[in-house]
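Novice: My questions all concern the structure below.
The values are calculated or read from the model by the stated rules, or taken from the named source; none is laboratory data. Small disclaimer: the values here were computed from a predicted structure and weren't measured. Glycine gets a Cβ as well: all are built from the backbone with ideal geometry, and neighbour counts include every protein chain shown.
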């Protein structure tokens with residue numbers, strides 16, 4: 001399993017935006033730390049979750065979900081586990097370049 005985790009805060013037009021990037025070698029659930037899930041709760045619509053699937057292949061692909069705290073169902077496990085089906089159903093349809 002290829003796991004990539006990155007958190008970034010960006011100021012654009014005086015507004016604060018936050019993003020978390022997660023990657024998987026194939027396709028599957030992703031895990032956000034308790035801290036990451038708390039950030040998603042605090043930033044809400046200014047928080048983006050980017051998930052890169054198949055990053056161990058020559059053709060990785062990206063999905064993004066704005067406000068994952070509101071849109072995704074998560075299961076607690078130290079942090080939280082987000083089911084891949086939830087990501088697929090809530091990702092912006094025009095962003096899946098597959």
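Novice: Where the second residue is in a loop (DSSP other than H, G, I, E, B) and the first is in contact (Cβ under 8 Å) with a residue 40 or more places away in the chain and lies in the range 20-31, which pairs have Cβ atoms under 7 Å and are six or more apart or on separate chains?
Specialist: Going by the 7 Å Cβ cut-off, the qualifying pairs are 27/54; 29/83; 30/24.
Novice: Output the number of the condition that residue 86 fails; it satisfies all remaining conditions of (1) modelled with pLDDT under 90; (2) part of a helix (DSSP H, G or I); (3) under 25 Å from residue 16 (Cβ atoms).
Specialist: Residue 86 satisfies every listed condition except (3).
Novice: If residue 51 satisfies all but one of (1) surrounded by fewer than 18 Cβ atoms within 10 Å (Cβ to Cβ); (2) in contact with a strand residue (DSSP E or B) (Cβ under 6 Å, 6 or more places away or on another chain), what's the number of the condition it fails?
Specialist: Here residue 51 meets the rest and fails (1).
Novice: Continuing with the same structure: Checking residue 15 against (1) at pLDDT 85 or above; (2) loosely packed, with under 12 Cβ neighbours inside 10 Å; (3) touching a helix residue (DSSP H, G or I) at 6+ places or on another chain (Cβ under 8 Å), which test does it fail?
Specialist: Going through (1) at pLDDT 85 or above; (2) loosely packed, with under 12 Cβ neighbours inside 10 Å; (3) touching a helix residue (DSSP H, G or I) at 6+ places or on another chain (Cβ under 8 Å) one by one, residue 15 breaks only (1).
Novice: Which residues, taken from the range 55-76, are within 15 Å of residue 38 (Cβ to Cβ) and surrounded by fewer than 18 Cβ atoms within 10 Å (Cβ to Cβ)?
Specialist: 67, 70, 76
Novice: Then there's this: Of everything in the range 34-56, what is assigned to a loop (DSSP other than H, G, I, E, B) and on the phi < 0 side of the Ramachandran plot? Give them in sequence order.
Specialist: Once the filter is applied, which keeps residues that are assigned to a loop (DSSP other than H, G, I, E, B) and on the phi < 0 side of the Ramachandran plot, the range 34-56 yields 55, 56.
Novice: Here is a further query. Give the range 57-83 a look and list any residue that's out of contact with any strand residue (DSSP E or B) (no Cβ under 9 Å at 6 or more places or on another chain) and either modelled with pLDDT under 90 or in a loop (DSSP other than H, G, I, E, B) (or both), or say none.
Specialist: Passing the criteria: 57, 58, 59, 76.
Novice: Additional query: Quick one: residue 97 ticks every box in (1) outside any strand (DSSP E or B); (2) modelled with pLDDT of 85 or more except a single one, so which number is it?
Specialist: (2)
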